[in-house]
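Step one of this worksheet: look at the structure below.
The values are calculated or read from the model by the stated rules, or taken from the named source; none is laboratory data. Quick caveat: nothing in here was measured; it's all calculated off a predicted structure. Counting neighbours? That spans all protein chains shown, and the Cβs are built from the backbone with ideal geometry, glycine included.
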Amino acid sequence: MRMLSSTRLLIPRLIIFIVELLVLTVRFVDAAPLGTWNLLVENAGISSMHTAVTHYDTVILLDRTNIGASRINFTNGYCRDNPDDRVLKHDCSAHSVMFDPLTNSLRPLTVFTDTWCSSGQIVANGSMVQTGGDYEGLYKVRLLDACPAGGSCDWVESESEALVDPRWYASNQVLPDGRQIVVGGRYTYSYEFVPKTSSGEGSFSLSFLHDVQDNQNDNMYPFVHLLPDGNLFIFANRDSILLDYVNNRVLKTYPTIPGEPRNYPSAGSSVMLPLDHTNNFTVAEILVCGGAQYGAFRSSTGNTWPASDTCGRIVATDSNPKWSMETMPIRRTMGDTVILPTADILLINGARNGCQGWGKATNPALNPVNYATYNAASRFQVLAPTTIPRLYHSTANLLTDGRILLAGSNTHQYYTFSGDYPTELRIDAFAPPYLDSSYDTHRPAIFRLSTTSIRYGSMFQVVYTVGEKEGEFEVNLLSSPFTTHSYSQGQRMLRLATTEPVPTILGRAFSAMATAPGSAVVAPPGYYMLLALQGGIPSKGLWVRLTS
Ligand SMILES: *[C@@H]1O[C@H](CO)[C@@H](O)[C@H](O)[C@H]1NC(C)=O
Ligand SMILES: *[C@@H]1O[C@H](CO)[C@@H](O)[C@H](O)[C@H]1NC(C)=O
Ligand SMILES: *[C@@H]1O[C@H](CO)[C@@H](O)[C@H](O)[C@H]1NC(C)=O
């Protein structure tokens, strides 16, 4: 009797279970991938405030120096004896490391003067030229000649070269002539060039930076984008100008962006959207996303104030430009904007409440969001969340294998491993949806380039393999920016003209010709990641060098 009734119950239950399983399976198969997270290193030794990827695929991580002992000691007996260091004058720990994403190994580097909130660029020969900082580092110029994993390259502080003005929270951009421009800094309303063309060359005043400053600054780490017309788009607080930096003339003042302040300490993020061959790279659109409420920085409750939830986009090269505003699905301050191989923009890191500074943010924004650059109808897609909050002093950088490397986050003045949002020493990586293995049969792999030293305007051959060839073939170039404080200095993408791929090597591969950008104004000289895409699925990147 008993058994009978339980069997009677069991059969319908079993049927329901099987149906549920089928529904789940179908859902699982249908579900679009949302990306995956992977912890790479438990202890990077430092919390990276500034990060850049070299053309050897090694990664330069850089914190500030006057933060006390880090969690990675030199193993060669080196100690830094700096009488000007504010915290530790005899310091046997490193404040910069080189990371190899292939083996997840680290090597301590020996930066000497204070690099706190400094700036930099990777210049034409692939070396990092890095500028400013705080205290004894305010006027410094530092060089790191890039090297492969296993190499011994290290920071060298220039004795002969120095900045003219103090630069703490400045922004840099490589110029067509290979020099870089260094713009602004805390209470520094000027720009200058590195290196100087003559020994007497000074700085050039930029009153715009002063005019837009409010009582919590909001003008630091200005967003600086080199437009394809050779002028600079400079954005600070809520305003922007077109600057002819050669003649020190403001050519245009853009409309004020609606919403909150967007620069430090309000910390929106900005990127120039990919430049495209279809208009001969003449149209440049700027995207600014997130920020914080004015006043959050000074208020004792500011860390709970909701951050900005808007993105603004403006065609900076238009004759009558206007901001076009959209609402993000997740509010964000201290987010990073990363140009993805697909030409979409990844919004990642940061917090939903508060602003930049120690203890001034809460409610981490754990979900990255994909911003579909060319799809206004379906602009934002919320992706898989991380478990590691990345707030103040964190970074996000694209690797050639398509992953995004996440490092740093320190909401404290020193290394503090207790309380809310402790100093973050872990490095992890986010694999965006396009890396999902379900796309592997459609993923192109570059087999050969006719050259990796590409002259402006020249055509070069791309030979590639792909399992199933579907959809449009594309070739994109991506610079490697210097990322700090929610802004990737010098980030740029170029979408190249290509011919229709034709079968080659007995039909086992395809060959197409791509045309390099026409000039150094469109793409400053130096190393770029070259990526092939088929039907929107990207290959791994290869480093090429653009030269005249
Ligand atoms: C670095 O060396 C100091 C002094 O010997 C030591 O106290 C500290 O624990 C070391 N740190 C690491 C991460 O090994
Ligand atoms: C790279 O360029 C920088 C800046 O011009 C220069 O100081 C450095 O020596 C160069 N490095 C190499 C390896 O050529
Ligand atoms: C495209 O721009 C380049 C400069 O970047 C110029 O040399 C070239 O003539 C332009 N081509 C066309 C078709 O306008």
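Okay, residues lined up against (1) touching a Lys or Arg at 6+ places or on another chain (Cβ under 6 Å); (2) part of a loop (DSSP other than H, G, I, E, B):
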| site | (1), (2) |
| --- | --- |
| 299 | no, yes |
| 311 | no, no |
| 321 | no, yes |
| 342 | no, yes |
| 352 | yes, no |
| 366 | no, yes |
| 373 | no, yes |
| 389 | no, yes |
| 402 | no, yes |
- Message: So residue 347 passes all but one of these: (1) in contact with a strand residue (DSSP E or B) (Cβ under 6 Å, 6 or more places away or on another chain); (2) surrounded by fewer than 21 Cβ atoms within 10 Å (Cβ to Cβ). Which condition number does it fail?
- Response: (2)
- Message: Let me spell it out: the conditions are (1) surrounded by fewer than 21 Cβ atoms within 10 Å (Cβ to Cβ); (2) touching a Cys at 6+ places or on another chain (Cβ under 9 Å); (3) of a type in the set (Val, Ile, Thr), and residue 283 meets all of them except one. Which number is the exception?
- Response: (2)
- Does residue 538 count as within 16 Å of ligand 2 (Cβ to nearest atom) and either within 26 Å of the chain's Cα centre (by Cα) or buried (at least 18 other Cβ atoms within 10 Å of the Cβ) (or both)? no
- Message: So the check is Cβ under 8 Å with 6+ separation or different chains; which pairs have a first residue in segment 165-188 that's under 20 Å from residue 226 (Cβ atoms) and modelled with pLDDT of 95 or more and a second one that's surrounded by 24 or more Cβ atoms within 10 Å (Cβ to Cβ) and of a type in the set (D, E, K, R)?
- Response: 182/167; 184/167; 185/167
- Item | Residues located in segment 278-317, provided they are free of Cβ contacts under 8 Å to residues at least 12 places away in the same chain and of a type outside the set (Ser, Thr, Tyr) | 279
- Task: Please find, within segment 443-462, the residue that is farthest from ligand 1 (Cβ to nearest atom) out of those that are among the β-branched types (Val, Ile, Thr) and within 20 Å of residue 402 (Cβ to Cβ).
- Result: 462
- Filtering segment 406-426 down to residues that are under 22 Å from the mean Cα position of the chain (by Cα) and at pLDDT below 95 yields none
- Message: Suppose we filter segment 145-177 for residues that are in a loop (DSSP other than H, G, I, E, B) and either over 23 Å from residue 200 (Cα atoms) or among the aliphatic types (A, V, I, L, M) (or both); how many remain?
- Response: 15
- Quick one: which strands (runs of 3 or more DSSP E) lie wholly within segment 197-273 and hold at least 3 residues that are surrounded by 18 or more Cβ atoms within 10 Å (Cβ to Cβ) and in contact (Cβ under 8 Å) with a residue 24 or more places away in the chain? 223-226, 232-236, 239-244, 269-272
- Message: For segment 53-93: of the residues being part of a loop (DSSP other than H, G, I, E, B) and within 26 Å of residue 125 (Cα to Cα), which is nearest to the chain's Cα centre (by Cα)?
- Response: 54
- Item | Output for segment 508-527, where each listed residue is part of a strand (DSSP E or B), within 16 Å of ligand 3 (Cβ to nearest atom) and crowded, with 23+ Cβ neighbours inside 10 Å | 514
- Query: Among the residues of segment 108-129, is any of a type in the set (Val, Ile, Thr), within 14 Å of ligand 1 (Cβ to nearest atom), closer than 29 Å to residue 432 by Cα and crowded, with 24+ Cβ neighbours inside 10 Å?
  - Reply: no
- Qualifying residue in segment 429-449 (condition: out of contact with any Cys (no Cβ under 9 Å at 6 or more places or on another chain), of a type in the set (Val, Ile, Thr) and part of a loop (DSSP other than H, G, I, E, B)): no
- Task: Check off (1) more than 16 Å from ligand 1 (Cβ to nearest atom); (2) loosely packed, with under 15 Cβ neighbours inside 10 Å; (3) modelled with pLDDT of 95 or more for residue 42 and give me the number that stays unchecked.
- Result: (1)
- Task: Sort through 527, 487 and tell me the only one that's aromatic (Phe, Trp, Tyr), away from ligand 2 (no atom under 16 Å from the Cβ), touching a residue at least 60 places away in the same chain (Cβ under 8 Å) and on the phi < 0 side of the Ramachandran plot.
- Result: 487
- Matching residues in segment 459-491 - criterion: being polar (S, T, N, Q) and assigned to a strand (DSSP E or B): 461, 465, 476, 483, 484, 488, 489
- Message: Restricting to segment 458-491, count the residues that are crowded, with 17+ Cβ neighbours inside 10 Å and of a type in the set (Asp, Glu).
- Response: 1
- In this structure, does residue 494 turn out to be surrounded by 23 or more Cβ atoms within 10 Å (Cβ to Cβ) and in a strand (DSSP E or B)? no
- Task: Search segment 495-532 for residues being of a type in the set (D, E, K, R) and modelled with pLDDT of 95 or more, and hand back the single one that is nearest to ligand 1 (Cβ to nearest atom).
- Result: 495
